[in-house]
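Shown next, in structure tokens, is the structure this report addresses.
Bear in mind these aren't lab numbers, they're just calculated from the coordinates by the rules spelled out. Every value quoted in this text rests on a predicted model; they were computed, and no experiment measured them. As a convention, Cβ positions derive from the backbone with ideal geometry for all residues, glycine included, and neighbour counts pool all protein chains shown.
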Amino acid sequence: MARVSQQHLDARRRQILDGAARCFARNGFHATSMQDVLREVDLSAGAVYRYFSGKEELIGAIVTEVLDTVREAFEEAVRLSPPDPPDVLVGEVMGRVLGGERVRGTAAGKDAPRLIIQVWTETLRNESLSELMRTGYETVRVAWVKVVEAYQAAGLMRDDIPAEHVARTMIATAQGFAAQQALFGEAPVEVLQNGLRGLMSMGVQKPG
């Protein structure tokens with residue numbers, strides 16, 4: 001029997017995750033069955049269960065990918081000295097999560113806002129998903145704190161305000177923009193970036 005390549009295995013896993021993400025975004029977690037996922041990806045039950053034990057594992061894998069994408073973006077940013085300003089950095093991160101750049105083949109893409117809302121709701125009743133979200137949030141929070149500390153060290157941001165407080169506020173800004181996308185329709189990431197630039201310009205004279 002011919003040996004299946006790792007590339008083929010990765011592509012099949014990607015196919016399943018993308019199909020599951022579409023189903024969850026369209027119908028929600030509870031209304032989506034594994035049969036729905038099988039139809040979406042046009043694979044047999046055996047082919048899908050080879051990679052995932054069930055719906056809970058699929059949800060966890062999608063959430064992990066999105067959180068890893070955000071964490072990696074911030075970790076890349078902190079390597080710059082100083083990091084890009086908040087409007088640029090948050091725009092880059094949201095662009096990745098919302099599908100502007102499919103980093104690591106993330107399953108969420110344009111479906112991310114609807115998935116995020118559903119994940120938050122599911123987290124209230126699913127302890128394993130709640131733990132996954134808490135762990136993911138902590139890694140993102142730590143990465144953001146490092147970015148803020150780098151701003152402060154470079155004299156670009158007041159250092160009398162705790163970096164932790166700024167980090168939580170910036171995370172909340174990104175979360176709120178995602179929620180607006182899910183509830184009120186798509187808007188380009190530039191809307192968020194321009195809003196941040198406006199807030200950052202307080203006390204700064206308009207040129208010209």
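Just the C-alpha atoms of the chain: what Rg/Rh do they give, with Rh taken as the Kirkwood radius?
Values: Rg = 19.2 Å, Rh = 18.6 Å.
Ratio of gyration radius to Kirkwood radius: 1.04.
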Treating only the Cβ of Lys, Arg, Asp and Glu as charged (+1, +1, -1, -1), what charge dipole size does the chain show about its Cα centre? Round to the nearest 20 debye.
400
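Rounded, prolate or oblate: which fits region 142-184, taking a ≥ b ≥ c as square roots of the Cα gyration tensor eigenvalues, rounded meaning a/c under 1.5, else prolate when a/b beats b/c? It would help to have the intermediate numbers written out before the result.
On the way: a/c = 3.11, a/b = 2.96, b/c = 1.05.
Prolate, because a/c is 1.5 or more and a/b exceeds b/c.
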Among Ser33, Phe177, Val145, which residue has its Cα positioned farthest towards the positive end of the charge dipole of the chain, with +1 placed on the Cβ of Lys and Arg, -1 on the Cβ of Asp and Glu, and the dipole taken about the Cα centre?
Ser33
Span from the region 151-183 Cα centroid across to the region 20-42 one, whole angstrom
34
Residue-by-residue Karplus 3J(HN,Hα) for region 152-162, coefficients 6.51, -1.76, 1.60, Hz, glycine and proline x:
5, 5, 8, x, 8, 9, 4, 9, 8, 10, x
Low-density loop positions, trypsin sites (Lys or Arg not before Pro), region 124-168 - DSSP coil, at most 12 other Cβ in 10 Å:
Arg125, Arg158
Karplus-derived HN-Hα couplings along region 33-50 (A = 6.51, B = -1.76, C = 1.60, θ = phi - 60°), whole Hz, x at Gly and Pro
9, 5, 4, 4, 5, 4, 5, 5, 9, 6, 10, 6, 4, x, 5, 6, 5, 5
Phi-derived 3J(HN,Hα) across region 13-24 with the Karplus relation (6.51, -1.76, 1.60, θ = phi - 60°), rounded Hz, x for Gly and Pro, is 4, 4, 4, 5, 4, 5, x, 5, 4, 4, 5, 5
